[in-house]
Structure formats: C-alpha cells, structure tokens
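Asker: Mind looking over this structure? Questions follow.
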Amino acid sequence: MSGGPVTAADVDDFVLGAKLLSGGGASHGTMPARWLRHAMATRGDVRLVPPGSLPESAQCLAIGFIGSPTIQSEKLPMVGQFAEAVRVAERRLGHEVGALAALNAAGVNALAPLLAATELGLPVADADGMGRIFPNVERSVFTLAGLDVGPCTLAGAQGDVMIIEPAGNMRAEALIRPATVALGGWCVAVLYPMSAGLLARHGIHGSVSRVLDVGRTLRRAAASDEPRGHRLAAGLGGRLLASGIVAEVHRPSRRGFPSGAVIVTDLDDPDRSVRLETQNEYMLALADGVPLAAVPDLICTVDHDTGEPVDIERLHYGHVVDVITLPAAPAWHTAAGLALAGPETFGYALPRDQGDR
Amino acid sequence: MTRLTVRELPYLKALTGARIVAGQAGADAAVREARLIDHLDRLADTPAGCALLLTTDLTGWAVEMALRLAWERAAACVIAHEDQEVLDATHRLADRLRMPLLLAGLDDPVSTAIALGMAATAPRERRAATLVDLAERLAALPQKPRSVLGLLNSRLPGTAVCLLTADGTLLAGRSAASAHGADVRDTVPARHTVAEGQLVVHPVIGSDGGVEMRLVASLSGAADAWADTVATALGLAAGPITAWAAVERLRAERDARLRGTLLTELLSGTDATSDQIASQVARLGWRLEGWHTGIYLSLADPTDQETLVARTPALTAALAAVRLRGVVVERTDGWSVWVDHLEKPSPRTEGRMADRLRALLAERPAGLALSGGIGPPGEGPSGLRTSLASAREAAVLATAAGPGHLERADDLGMRRLLLTPFGSEDFRSLADRLLAPLREPRNRPLYDALRQYLDQMCSASATAAALGVHRNTVATRVARACTLLGVDLDRPDERLAVHLACHAVGPPVS
C-alpha cells in the first residue's frame, strides 16, 4: 500500500503490527498509540512515500526512540520534541530535511517517524534501517552500506538536545546509552542523516507500510473464526514454527539484559518442544535441538486463541501460542549482514552449516 | 575387551560427582573416546561412541543442540558443566533421544577429557585401579559390616549394596538393595536380571560351609562390564565380613559358655553365693536380688542345637519385642530365661506374661520350634533358682505336648509328680503334700473310694463291689475327692499322677 497516507483510522492496526514485529520485545503500554492518535487527530494524516519517489538529493533522517519505553510512559514527551531534534539536526547538517525515515519500523519505534511527521509536516519515506528491533543502533543496513550513524541528535523530554558524532558506527552505542540516561532515561533520536538517493539504495523498502499490513492481517485473522496458525503465518509472509502450550518460562536474572528461554510444547505432538531463546526479543528457536529460526530473522508469538501478539514479559505457563518466524530483509542474510547481526553476535554460536537458515 | 560404558563414567576419578541427569536409556552405550567441545562446529566430525565434554561456554540451548548433534552422530553421551540450570525440556529431549546427559564439575575440562579418553581406551586398567583403591580402603577399615558396606556404597556409585542374613533380613547397607535381595537364595556368586537392572550376589560362607550371609548389590540397568567390577568388589568385601562373622561367633560362644557355667553354679549353689560368683554375675549385668520369673524354652527339633548359640541374639530380641526383657542363657537343649521385677508380680501380671509368651511361641520366634515352661515368681537367688527349676519341669510337660506349647508351673498341680522319680523321697513327700486334703481322718472314705476306683480301672461297679457300697456312693465320693484335690480324672496325665500318688503314700485302709 506504499504511497498512500496513514490516517488516524489506521493507528490501531499500525500499533498492532508494530507490536508483532517487535519479536516478543518489551511491551510499551498505550501511551505512544494515544500520542499518535492525538497528533493525527489534531494535525492531520501522514504522507507515506516510496523513498525512490523523493528527489535524489533530499535530506533524509532516520528517527526513533532510544531508552526505556517504561520510563517514556512515566516521563511523558515534551510538545515539539521531534521538531526540536530535527531543527537542531538541520542546523548541524546545514540542510533542510525533506523526508523522515524509520530507524526501525517495529515496536514502539515504528511510531516515531509518524509522530515526527505530524509535528514537522514532512512526508515519511517508506523505508527503515533494520526491519525489526535490534538492541543497538549500529545494527542497521545503513552500517552495512558504510553510512555514518552520526551526527546523532538526541532530544530529551526536558528540552535538552545533544549532538553526538561518534568516531565510527561501532562507537555510537557506547556514547548514546549514557547520554540517554542523562537525558532522562529515554529520548528522541535522529540518526543516519543521508540523501533520499542513498536511502532508496540501501534502506529496507516498504517496511513502514508493512507494519500497517501486518496489523491489518492480524486484525482480520483475529476477527475470523477459521484456525490461525499456518494461515496467519502465510498471510504474514512467514512460517509457523509451532502451535503449542508454554511449558516453561525461564528468566535468569544474572546478566544486564533480560535473557532467558521459553519452552513451547507442540499441541499436535507433545513430544516436540520448541525452545525460544530470548534477549529482550526472541533470538533463536530450536525444536528438539534443531535450529528452526534465528536472529536476524524475526520470531514472534501470537495468542493462539485471540490472535494478539504476546510479548515475552507476558508469557506464562499454560499460555497457548503460535510461534511464527518472519524472514529478515535479504541484506541481513549476506555475510556482512550476519557478521553484524547474526546469531553469533548475540552469543549463539551455531554450527556453520546451521547458522543461517 | 569389554568397553567402558556411559554408566560407568561417574565412577571415574576424573568425573567424581558427575551424575547422569537424563537419557538414562542410552547409558549402556560404549565410550570409545572423548572430545572436548568448545564450539558446536566441532561436533561435525565426531566419530561414533564419543563422549562429548562441553566447555562452560556451551550451556542451555547449546546443550540441547549438542544432544541433537550427538544423537545424529551416534555419540556416546554429552557431558555439560553442572553450574547451569538445565530445563525440563532439555531432560525430555535427552530422554527422547536416549542420549545420556551428564552434569559434572569440569573445572579442568582438558584434563578431564584426557583422563576420559584414556579410560575409554584402557577400561581394564581403570577397573583394576578402582578395585585396588577399594582393596586398600578395605584393609584400613575396621572389620565391621557397617564400615564395609558404607565403603562399598560410597565407592561404587549408582550401586546399592546390602548385607543380608541367609533368610533375607537386612544386616547392613542400603535397604534399596534388600528389596530384591530378600528373595535371593544363591549359594554361589550369581547375577540376576530384575526389572530395574541387575542384582549381583556374593554369598558369605559360614564355618559349617553353609551360606551365613549374602552381599547383594543392586545396579540400575548397568552394563555387564560394571557388574564385573561390582562382583569382584563384593568378593573383596566378603573377606572382612567372613572374618567379622567368625570373630562374632567366637565371642558369642565364649559368652555363652561363661553364662552357662555361671548359671549352673547359681542353680546348684546355696543361698550364700561366693564372692567370685557374685562378681561374675555383676559383670554380666545379672541382678539376683528382687523378684524373678523363670522361663525355660526347649528346642523341639534337636538338630537346631548346633545353631543354639547363634540364635541367642535373635531370640533375645524376639522376647524383648513382647516385653519379656531378661537374661537369656544357653542350655543343652534350649534356653533358661528370667525376667526381673521390681516387686512381687501380681497373678494378673503373671498371667499376661504367660499369654504373651504363649503367643510368641506359636509364631516360631527366631525361626525356632520351641516349647516352654514358666515358673512362679521367686525372690532373691533362691527364688530365682526355684522359679527356673519349676519352669524347666513345666517345659518337660510342654515338650511332650508338642512345639508351641507353654506350661505354667502353677498349673501343673498333680502332674508335677510325673516329673519326679517314683519311689524317691521327693516323690513320697510331694505325693503326701498333694494328697493332704484326703489324708484327714474324716475324708478317709473319699481317699479309699478314689484309690479303689483307680485300681479298678475306673469302674464304678467294680469299686462298689470291692468296697461294699452302692455304686452311686462310689461316684459321689470320687467326685468329691477330685474336687478337693483339684484334679480332673478325664485327663489321662492327671489321672496317672493321682494314681501314682495314691500308691506312694501307702496302702488303702480297708
């Protein structure tokens, strides 16, 4: 549906799709959806345009939130926070911004470019840098293309703005994380400044409209009485790994990031167990010791009965879920892509012949 | 050459403390070599029969993948670091694949892998090392069943060992092994397959050449190779146990002899016991003052006499179980027993003691067919002597009645005469005493009628004719005489006793 406007009527579907695409990542409450609905109701629809339709030299920026969604729900955003960040970035870059892109069109971050667009009246290029959630800003197809993440402009909810120019994309996270803490736990981030031409060449196309498509597919599936499972997976362009009962939820609390494992026992074959390894998001799915799917591909869980996406935090023993995997953008399956965001980079040293499925 | 099996791995020194947490069904697989795995890639060229040691990097999901890859490559087992939480799902996977999963300390995985590899290529040497270690420890231990069984159970992990008596009673060791062992009756070293695995049995032969005890080891589905090691280990352990049994037997016989001699002294002695006897009595913990009830237990089957000394502890325990705690002394054909009382026992107490003893005899205590006599309570050494003597007299009558019978000396009455030699002074005086009620002048007709009646083979008519009275008069007089004496002429032994007594006290006065 690339090219059409996103309207207030689309917000619910968009949020639903963003939630599924978060791959089990932390839920973010209702605040961002209310924020987007309010912004669209007061300032109008958002134009979503294919990156190729923009003038080659138009200045584009990747927009997202960095930090804790939980803190965001408590320390509410400032009016004009996006506009402030983009204005500071424009001053630093010396160009007016022509269009906004998503840092990653998944989870709460999928909403960021839309919110920014309502504040700035700019179009949103239908492309992003990840196609899913990654915990670090450098894990993007832009990094694969050799584009600089900086200058990075961060705007906090108290009116503070910081510009960070990392010496390289790999240094960005180390600088941005402490800055985010200083900015109040979360911030609006404007990253990867680039021309529309570069965005069209290197970005993951259609990833913003995909959020809406996924949301619509989920809503239709939830409304239908027909069995979901395979049908839903196919409708989403993915694969069903299992429909089963959550038998174990293991949440060790030793390391910094919430990591753990979820065991789903297949409804049809109780001897078959699917093990989902988690680190904020689902990272790896194994069935009886055989890898079924692994990061960078997306793994998600959907309530088997309601069709609602279920995040890891809310999974519990006895929950009946469909485990679905959606393929990552092709760029992630190149050698360079796997070296940046493959299973091994998350600590899953799979055998070479099984590392990329 | 018999291969090392997965089940034996926890018995390796290098894997001490390791346990097979899942996939037990595959634990009989042979281990041909060992590999250290620090990346799942290394599993690609794993040969069959390999034990895979995972480094600490490989935990959780990687253990599951390793199990799967190990299964695909027919590896022997997966050994992972124990410092991790293994999910139920991992256990289930190992069980389903029948791929044993072991958790071990693995502080030095390289050395462990080398030791494991050596053990896999030279299992005989490793078994020899286990047995030498066991033999050295056995030699250093006190020769007691508890110590020996404790050692076996600690050095033969995964194997429950117990020591049973010939009839299957647990003497020492783990009761887990005794469940099956109780039915074992092997007289030579043997092995049995049971539902949960194997039993390895090693009989301990007594001095008479028969089986005195059995060492029984229970192995959970273990490999034959390990059963070989266990069988040899039991053989090693049988030595100290045989020695212990012999020492115990000697000690018991020495004690029995001391007790028997002392009791003989007491029974034949006078009230004034010598100082020497008194000190020996004290050393054995016997108490001669106060009240005693004497008991005599007589063996119904004379062939049991050989085991008399050996059965004393069991019999003592059986008596104690029915609250007859006392001194038990071996005699030639049974045991003299006495129970001490703080004060004179009431007739009610006596009756209850007799009831409990009667019930005990009926169920063959310590596996023995016994008949018994119980004496009246007596005070002091002389009272004890009398009570024991009465008990023995009663036991003679009980033995005649058959095994399981108990006679109370107090109930013997006239029948006591049957135990006394006819014509002796004792007999004469006892008969006098027993017939005293009839010897009063006014009861003379009753005595005459009774004696004549017995002489006439209990014919009232003949008696009437001989005495010149009516037949009904005879019947009445005989009945009154029996009432006065407390005897029942329908009982042959009582009738005989009365008849003998009548003849002892003298001729009838016609």
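Asker: Being aliphatic (A, V, I, L, M) and either free of Cβ contacts under 8 Å to residues at least 12 places away in the same chain or more than 22 Å from residue B:150 (Cα to Cα) (or both) is the filter here; which residues of the stretch B:180-191 pass it?
Answerer: Listed by number, the residues that qualify are B:188, B:190.
Asker: I need a count of the residues in the stretch B:470-510 that are in a loop (DSSP other than H, G, I, E, B) and either in contact (Cβ under 8 Å) with a residue 12 or more places away in the chain or crowded, with 17+ Cβ neighbours inside 10 Å (or both). Give the derivation first.
Answerer: Restricting attention to the stretch B:470-510, the residues satisfying the condition of being in a loop (DSSP other than H, G, I, E, B) are B:470, B:486-491, B:506-510.
This time we only want the ones that are either in contact (Cβ under 8 Å) with a residue 12 or more places away in the chain or crowded, with 17+ Cβ neighbours inside 10 Å (or both), so: B:486-487, B:489, B:508-510.
Here the count works out to 6.
Asker: Does residue A:325 count as more than 14 Å from chain B (Cβ to nearest Cβ), part of a loop (DSSP other than H, G, I, E, B), touching a residue at least 24 places away in the same chain (Cβ under 8 Å) and polar (S, T, N, Q)?
Answerer: no
Asker: Out of all the residues in the stretch A:221-228, is one or more buried (at least 20 other Cβ atoms within 10 Å of the Cβ), part of a loop (DSSP other than H, G, I, E, B) and away from chain B (no Cβ under 14 Å)?
Answerer: The answer is yes; a qualifying residue exists.
Asker: Something else about it: Quick check: is even one residue across the stretch A:103-124 under 29 Å from residue A:24 (Cα atoms) and in contact with a Cys (Cβ under 8 Å, 6 or more places away or on another chain)?
Answerer: no
Asker: Next question, about the same structure. Please determine, by comparing only the residues of the stretch B:371-383 that are touching an Asp or Glu at 6+ places or on another chain (Cβ under 9 Å) and buried (at least 21 other Cβ atoms within 10 Å of the Cβ), which one is nearest to residue B:347 (Cα to Cα).
Answerer: Taking the stretch B:371-383 and keeping what is touching an Asp or Glu at 6+ places or on another chain (Cβ under 9 Å), we get B:371-377, B:379-382.
If we keep only those that are buried (at least 21 other Cβ atoms within 10 Å of the Cβ) as well, we get B:371-375, B:377, B:381.
On the way: B:371: 22, B:372: 19, B:373: 16, B:374: 13, B:375: 12, B:377: 9, B:381: 21 Å.
Among those that are touching an Asp or Glu at 6+ places or on another chain (Cβ under 9 Å) and buried (at least 21 other Cβ atoms within 10 Å of the Cβ), it is B:377.
Asker: Sort through B:294, B:326, B:290, B:334 and tell me the only one that's at pLDDT 90 or above and closer than 23 Å to residue B:258 by Cβ. First the steps, then the outcome.
Answerer: Numbers: B:326 fails: at pLDDT 90 or above; B:290 fails: at pLDDT 90 or above; B:334 fails: at pLDDT 90 or above.
Going through B:294, B:326, B:290, B:334 in turn, the sole match is B:294.
Asker: Can I ask one more? What residue, of A:145, A:127, is touching a His at 6+ places or on another chain (Cβ under 7 Å), of a type outside the set (Lys, Arg), assigned by TED's automatic domain parsing to the domain that holds residue A:66 and surrounded by fewer than 23 Cβ atoms within 10 Å (Cβ to Cβ)? Steps first, please.
Answerer: On the way: A:127 fails: surrounded by fewer than 23 Cβ atoms within 10 Å (Cβ to Cβ).
Just one listed residue meets the conditions, A:145.
Conditions (1) in a loop (DSSP other than H, G, I, E, B); (2) hydroxyl-bearing (Ser, Thr, Tyr); (3) assigned by TED's automatic domain parsing to the domain that holds residue A:130, marked per residue:
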| residue | (1), (2), (3) |
| --- | --- |
| A:237 | yes, no, no |
| A:241 | no, no, no |
| A:249 | no, no, no |
| A:275 | no, no, no |
| A:283 | no, no, no |
| A:300 | no, no, no |
| A:317 | yes, yes, no |
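Asker: Does the stretch B:415-432 hold any residues that are hydroxyl-bearing (Ser, Thr, Tyr), surrounded by fewer than 17 Cβ atoms within 10 Å (Cβ to Cβ) and either part of a loop (DSSP other than H, G, I, E, B) or modelled with pLDDT under 80 (or both), and which are they? I'd like the intermediate steps shown before the answer.
Answerer: Taking the stretch B:415-432 and keeping what is hydroxyl-bearing (Ser, Thr, Tyr), we get B:420, B:424, B:429.
Subsequent filtering for residues that are surrounded by fewer than 17 Cβ atoms within 10 Å (Cβ to Cβ) retains B:424, B:429.
Result: B:424, single match.
Asker: Just name the residue that is nearest to the chain's Cα centre (by Cα) out of those in the stretch A:285-298 that are under 16 Å from residue B:90 (Cα atoms) and assigned to a strand (DSSP E or B). Full working, then the answer.
Answerer: Keep residues of the stretch A:285-298 that are under 16 Å from residue B:90 (Cα atoms), which gives A:285-291.
In the following step, the residues that additionally are assigned to a strand (DSSP E or B) were identified as A:285-287, A:290-291.
Values: A:285: 19, A:286: 23, A:287: 25, A:290: 27, A:291: 23 Å.
My answer is A:285.
Conditions (1) out of contact with any Leu (no Cβ under 9 Å at 6 or more places or on another chain); (2) within 16 Å of residue A:188 (Cα to Cα); (3) not assigned by TED's automatic domain parsing to the domain that holds residue A:17, marked per residue:
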{"site": "A:73", "(1), (2), (3)": "yes, yes, no"}
{"site": "A:80", "(1), (2), (3)": "yes, yes, no"}
{"site": "A:83", "(1), (2), (3)": "no, yes, no"}
{"site": "A:93", "(1), (2), (3)": "no, no, no"}
{"site": "A:110", "(1), (2), (3)": "no, yes, no"}
{"site": "A:131", "(1), (2), (3)": "no, no, no"}
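Asker: Just a yes or no: is a residue in the stretch B:252-262 without any contact (Cβ under 8 Å) to a residue 24 or more places away in the chain and within 20 Å of residue B:356 (Cβ to Cβ)?
Answerer: no
Asker: Condition first: touching a Lys or Arg at 6+ places or on another chain (Cβ under 8 Å) and at pLDDT 85 or above. Now tell me which residues in the stretch B:299-323 satisfy that.
Answerer: Of everything in the stretch B:299-323, those that are touching a Lys or Arg at 6+ places or on another chain (Cβ under 8 Å) and at pLDDT 85 or above turn out to be B:319, B:322, B:323.
Asker: Can you tell me which residues in the stretch B:31-57 are more than 14 Å from chain A (Cβ to nearest Cβ) and surrounded by fewer than 17 Cβ atoms within 10 Å (Cβ to Cβ)? Full working, then the answer.
Answerer: Within the stretch B:31-57, the first condition is being more than 14 Å from chain A (Cβ to nearest Cβ), and the residues that meet it are B:31-36, B:47-51, B:53.
The answer is B:47, B:48.
Asker: Do any residues in the stretch A:331-353 that are within 10 Å of chain B (Cβ to nearest Cβ) have Cβ atoms under 7 Å from those of residues that are part of a helix (DSSP H, G or I) and of a type in the set (Gly, Ala, Ser), where the two are at least six apart or on different chains, and which pairs are they?
Answerer: A:351/B:44
Asker: For residues that are surrounded by 23 or more Cβ atoms within 10 Å (Cβ to Cβ) and among the β-branched types (Val, Ile, Thr), scanning just the stretch B:64-89, find the one that is farthest from the other protein chains (Cβ to nearest Cβ).
Answerer: Top of the filtered list is B:79.
Asker: Quick one: which residue in A:124, A:141, A:88, A:97 is among the β-branched types (Val, Ile, Thr) and within 17 Å of residue A:296 (Cα to Cα)? Walk me through how you get there before you give the answer.
Answerer: Values: A:124 fails: within 17 Å of residue A:296 (Cα to Cα); A:88 fails: within 17 Å of residue A:296 (Cα to Cα); A:97 fails: within 17 Å of residue A:296 (Cα to Cα).
Answer to the check: A:141.
Asker: In this structure, is residue B:33 farther than 23 Å from residue B:197 by Cα and touching a Gly at 6+ places or on another chain (Cβ under 6 Å)?
Answerer: Values: farther than 23 Å from residue B:197 by Cα: yes; touching a Gly at 6+ places or on another chain (Cβ under 6 Å): yes.
So residue B:33 passes the test.
Asker: Looking at the stretch B:137-148, is at least one residue among the small types (Gly, Ala, Ser) and in contact (Cβ under 8 Å) with a residue 12 or more places away in the chain? Walk me through it before giving the result.
Answerer: Residues of the stretch B:137-148 that are among the small types (Gly, Ala, Ser), as a first pass: B:139-140, B:147.
In the following step, the residues that additionally are in contact (Cβ under 8 Å) with a residue 12 or more places away in the chain were identified as none.
No - not one qualifying residue is present in the stretch B:137-148.
Asker: Inside the stretch A:68-180, counting only strands (runs of 3 or more DSSP E) that do not spill past its ends, which hold 1 or more residues that are among the hydroxyl-bearing types (Ser, Thr, Tyr) and at pLDDT 95 or above? Give the steps one after another, and end with the answer.
Answerer: Values: elements: A:97-102, A:124-128, A:152-155, A:161-164.
By residue number, A:152-155.
Asker: Within the stretch B:123-167, can you find the residues that are among the β-branched types (Val, Ile, Thr) and in a helix (DSSP H, G or I)?
Answerer: B:130, B:132, B:148
Asker: Is the stretch A:292-311 home to any residue that is surrounded by fewer than 21 Cβ atoms within 10 Å (Cβ to Cβ), modelled with pLDDT of 90 or more and either closer than 28 Å to residue B:57 by Cβ or at the interface with chain B (Cβ under 10 Å from one of its Cβ atoms) (or both)?
Answerer: Looking for residues that are surrounded by fewer than 21 Cβ atoms within 10 Å (Cβ to Cβ), modelled with pLDDT of 90 or more and either closer than 28 Å to residue B:57 by Cβ or at the interface with chain B (Cβ under 10 Å from one of its Cβ atoms) (or both), one finds at least one in the stretch A:292-311, hence yes.
Asker: Name the residue, out of B:406, B:412, B:438, that is crowded, with 17+ Cβ neighbours inside 10 Å and either modelled with pLDDT under 80 or out of contact with any helix residue (DSSP H, G or I) (no Cβ under 9 Å at 6 or more places or on another chain) (or both). Explain how you work it out, then say what you get.
Answerer: Numbers: B:406 fails: either modelled with pLDDT under 80 or out of contact with any helix residue (DSSP H, G or I) (no Cβ under 9 Å at 6 or more places or on another chain) (or both); B:438 fails: either modelled with pLDDT under 80 or out of contact with any helix residue (DSSP H, G or I) (no Cβ under 9 Å at 6 or more places or on another chain) (or both).
The unique qualifying residue is B:412.
Asker: For the structure I just gave you, tell me whether residue B:259 is part of a strand (DSSP E or B) and touching a strand residue (DSSP E or B) at 6+ places or on another chain (Cβ under 6 Å). Lay out the reasoning, then the answer.
Answerer: Working: part of a strand (DSSP E or B): no; touching a strand residue (DSSP E or B) at 6+ places or on another chain (Cβ under 6 Å): yes.
No, not satisfied.
Asker: Among A:275, A:254, which is the only one that is within 11 Å of another protein chain (Cβ to nearest Cβ) and modelled with pLDDT of 95 or more?
Answerer: A:275
The values are calculated or read from the model by the stated rules, or taken from the named source; none is laboratory data. Given the structure is predicted, the values throughout are model-derived calculations rather than measurements. Don't worry about glycine lacking a Cβ; one is built from the backbone with ideal geometry, like all the others, and counts go over all protein chains shown.
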